[in-house]
Every structure is written in C-alpha cells, then in structure tokens.
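The structure under discussion appears below in the form of structure tokens.
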Amino acid sequence: MQNPDDTGGQRLKHKTALITGASRGIGYAIAKSFASQGANLVLSAFNEAGLVKAKAELDGYGVDISYLATDISSPDSIEALFAFAVERHPQLDILVNNAGIHIAKPFTDHGLDEFDHLMKTNVYSVFQLTQQAIRHMQNLGRGKVINVASVAGLRGSMNSAAYNTSKHAIVGLTRCVALENAKNGINVNAICPGIVETDLIKGVEQRMETQGMPPEEFRERILAQIPIGRLLQPEEIANIAVFLASSESDGMSGETISI
C-alpha cells in the first residue's frame, strides 16, 4: 500500500490509468477526477476529435496524457490500444472499461447482426482488454480493474434485452476475474449506475420524441422511477471510480456498487 504522505494529498499520484470511452460523459468525468488526483492517463474513444478536446481540457492538471482513437468492437484495435498504453507506461496500474453502446427496442425486433455488434462493443471488448490487463498486472503483482456496468446488469428492463444482457455479462465477468486474482494483488470491481445525465440518455430522449413522447413527459417518467428524484451526474460515478482505483479499496474485490 502506498504511503499517503508520498502523494501530496493526491490519491492516484504515480499511477497510470487506461480509460475507454473517455472523451465524454462518465468516461471523461472519470478521466478528469483521476487527473485531479495525480494519475497519468491513456484515453480511448471512437472519435479522435473528442479525445483531442478532452486532452486539451485536462492538460492543466500537469499529468501525462496520451490518447488513441479506437473501435472497441474490433479485436485488432483493442490489441493495438493495449500495446499503445503499455509502450508509454510499462507499469500500467489501472484499467477502466467504460465504453459501450445502448440499443432500445422490443426483444423480437432485434436482428442478430445488431445484437452481435452490441455484444462485441459492450462485452467482447471488456473481456479482451481485461484479459490483457490482468496478464500485465499479474507480472506487476498489483492492479485495479474497474468495469462500468449498469443497474441494467442487475435487473430486467423493458425494450432493453440486448443491452441488459451485455451488462449482466459484465457483472458476471467482474466476479469471476476478481475471484481468480484475489491472491494476485489485483482488485476487480464494477460500478452499476442508474440513469446518468449523459449524451446516451439525451439520445434516448430524442428517439422517444420521434415516437411521439414529448421530452417533458419522458423526463417525468424517468424521474418517477428514481427514489432520489433526479438523474445522477457523471462526477458522482467518477468519485466511486477514484475510490476503487486508490489504495483505499485494496481489500475489496468482486463487488458491484450500485448508485
């Protein structure tokens, strides 16, 4: 465990994190929080322009920031991303699997190609990237893997069979990989957010509007499902990610934290 006195109050100083889906939303909020805590960053997202913007905004924290535009549905791209990360930071400490897509439609309307693409993006990418990270971390004798799943991985939802299946898979993967590596100094945990104020939820709102539901009604229906009466903010997820990435969570693995 790192001595807190060596970090100057920054909980992730001298650490390096690879974060997928880091150009916006939850991924960007995690990147920002990690940078504020002294972590060096390797950022990944599909859109390079978004990564350039994110890096420019985070440069003020004085940490090392690299980025690589990546199609995480492609195994070759995933392999290239991990090689890129460890080339720049041979002792990669933290992996945050955040990137993913959402498709909302009735179960009987899903095509196999569409389902396959969602699973490659949301599940296969996490499996492959985590596998590479675990091999790397086993050699280091330490490491943190943080999977951003969803409460959709803990329950059922209307018109979300493919998405919920993918998030259930991430929860199961988290538990199994954590168990296998409990004695290797590697912690593997998942965060399961509820509905977060991101571009994803705004996209669903826009799709519902095209189907005849006004934005105000959509928001009312969403808020009626949330006991605290509001959407979560990306920074609230990032706060949990900082805890899971820090030495404070060294005794915790295989857990799914719902927020």
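Phe243 versus Glu57, label points 7 Å from Cα toward the beta carbon: distance in nm?
Label-label distance for Phe243 and Glu57, simple model: 2.4 nm.
So what is the relative contact order for region 168-259, in percent, with contacts set as C-alpha pairs under 8 Å and at least six apart?
That works out to 50 percent.
How big is the Rg/Rh ratio for region 1-149, C-alpha atoms only, Rh by Kirkwood, two decimals?
1.01
Tilt of helix 234-245 relative to the longest C-alpha principal axis of the chain, in degrees (0 to 90, nearest 10)?
For 234-245 against the chain, the angle is about 40 degrees.
Using the number of other C-beta atoms within 10 angstrom as an exposure proxy, rank Cys176, Cys192 with the fewest first.
Working: Cys176 12, Cys192 23.
Fewest-to-most Cβ neighbours within 10 Å comes out as Cys176, Cys192.
Quick one: angle between helix 75-88 and the longest Cα principal axis of the chain, in degrees between 0 and 90, rounded to 10, please.
Computed tilt is about 30 degrees.
To the nearest 10 degrees, how steeply does helix 48-58 sit against the main Cα axis of the chain, on a 0 to 90 scale?
60 degrees
Which parts of region 171-190 would a label at Gln131 reach, counting a residue when its backbone N lies under 18 Å from a point 7 Å out along Cα-to-Cβ?
171-181
Grab the beta carbon distance between Ile259 and Ser157, set R0 = 22 Å, and tell me the FRET efficiency rounded to 0.05.
0.85
Under the definition of Cα pairs under 8 Å and six or more residues apart, what whole-number percent is the relative contact order of the chain?
20 percent
Between Leu200 and Arg221, what length in nm is gained on full extension when 0.36 nm per residue of separation is reduced by their alpha carbon distance?
So the extension gain works out to 5.9 nm.
Computed from the mean reciprocal separation of all distinct C-alpha pairs, what Kirkwood hydrodynamic radius does the chain have, in Å?
Roughly 18.7 Å, rounded to one decimal.
What nm distance separates the two modelled labels at Leu231 and Glu114, each placed 7 Å from Cα along Cα→Cβ?
Rounded to a tenth, the inter-label distance reads 2.3 nm.
Could you tell me which of Val52, Val188, Gly25 has its Cα farthest along the dipole of the chain towards the positive end, charges placed at Cβ (Lys, Arg +1; Asp, Glu -1), taken about the Cα centre?
Towards the positive end, the residue furthest out is Val188.
Given 0.36 nm per residue, what is the gain on full extension from Lys13 to Asn47 after removing their alpha carbon distance, in nm?
Gain on extension, Lys13 to Asn47, equals 9.5 nm.
Throughout, read-outs are computed from the coordinates displayed, never taken from laboratory work. Given the structure is predicted, the values throughout are model-derived calculations rather than measurements. For neighbour counting, all protein chains shown are included, and Cβ atoms are generated from backbone atoms with ideal geometry for every residue, glycine included.
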